[in-house]
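Novice: One structure follows; several queries about it will come next.
The values are calculated or read from the model by the stated rules, or taken from the named source; none is laboratory data. The shown structure was predicted, so the numbers you read here are calculated from the model rather than taken from an experiment.
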């Protein structure tokens with residue numbers, strides 16, 4: 001009799017523990033899903049993803065906030081072009097590359113956004129202009145900032161950098177290299193408003209450029225191997 005009672009108590013305890021583990025797993029999985037967007041997701045984050053990808057030429061569907069097959073394929077295209085894991089899921093790394101940041105307090109969100117902008121701009125500068133004079137590296141960063149201000153280009157740093165065909169460093173994957181200290185300083189200087197390009201929104205290397213159109217742009221200054229123009 002006593003043995004049966006003990007067995008019932010043990011079974012009861014094990015049942016409670018098992019239910020607790022199941023609740024924890026379900027809660028954890030639900031929270032993990034909220035940290036990313038994937039097939040079947042809906043909402044404002046999906047709308048942001050579609051808007052950016054459409055603006056950059058990766059997505060041709062409707063901006064409807066529904067993460068369907070077209071959105072999955074567009075995200076894969078973006079990931080493939082930008083050296084990310086190609087899984088069609090807009091996880092933290094992909095969202096960061098798109099310039100989309102998770103919700104948090106306004107102070108920490110602003111700080112995170114600024115840090116991400118410095119890092120992204122530094123990677124672009126390092127990929128495009130490492131080995132150039134420091135002023136020339138800042139000028140490359142300034143071109144990005146000038147495009148952000150122009151109505152003819154996307155209105156964010158990530159939008160400008162990841163616009164389809166905008167920069168060779170994105171196309172050939174050098175955007176994914178780790179920037180050195182000079183590139184990071186140049187990025188910060190450009191973000192702080194230093195513009196040695198004198199308002200340029202384009203630049204090119206005259207020794208390698210084959211595009212006739214770029215030669216027609218009014219030149220502002222030449223720094224190192226790059227000619228800057230409007």
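Novice: Among the residues of the stretch 113-127, is there at least one that is outside the structural domain of residue 148 (by TED's automatic domain parsing) and modelled with pLDDT under 90?
Specialist: Looking only at the stretch 113-127, we keep the residues that are outside the structural domain of residue 148 (by TED's automatic domain parsing), and these are none.
No, the stretch 113-127 has no match at all.
Novice: In the list 70, 79, which residue meets the criterion of being modelled with pLDDT of 90 or more and outside the structural domain of residue 151 (by TED's automatic domain parsing)?
Specialist: Working: 79 fails: modelled with pLDDT of 90 or more.
Going through 70, 79 in turn, just one is modelled with pLDDT of 90 or more and outside the structural domain of residue 151 (by TED's automatic domain parsing): 70.
Novice: Could you check residue 52 against (1) modelled with pLDDT of 85 or more; (2) within 16 Å of residue 166 (Cα to Cα); (3) outside any loop (DSSP other than H, G, I, E, B) and say which number it fails?
Specialist: Just one mismatch for residue 52, condition (1).
Novice: Can you give me the number of residues within the stretch 60-102 that are in a loop (DSSP other than H, G, I, E, B) and within 15 Å of the chain's Cα centre (by Cα)?
Specialist: Restricting attention to the stretch 60-102, the residues satisfying the condition of being in a loop (DSSP other than H, G, I, E, B) are 60-65, 67-68, 82-89, 91, 99-102.
In the following step, the residues that additionally are within 15 Å of the chain's Cα centre (by Cα) were identified as 82-86, 88-89, 91, 99-102.
Matching residues across the stretch 60-102 total 12.
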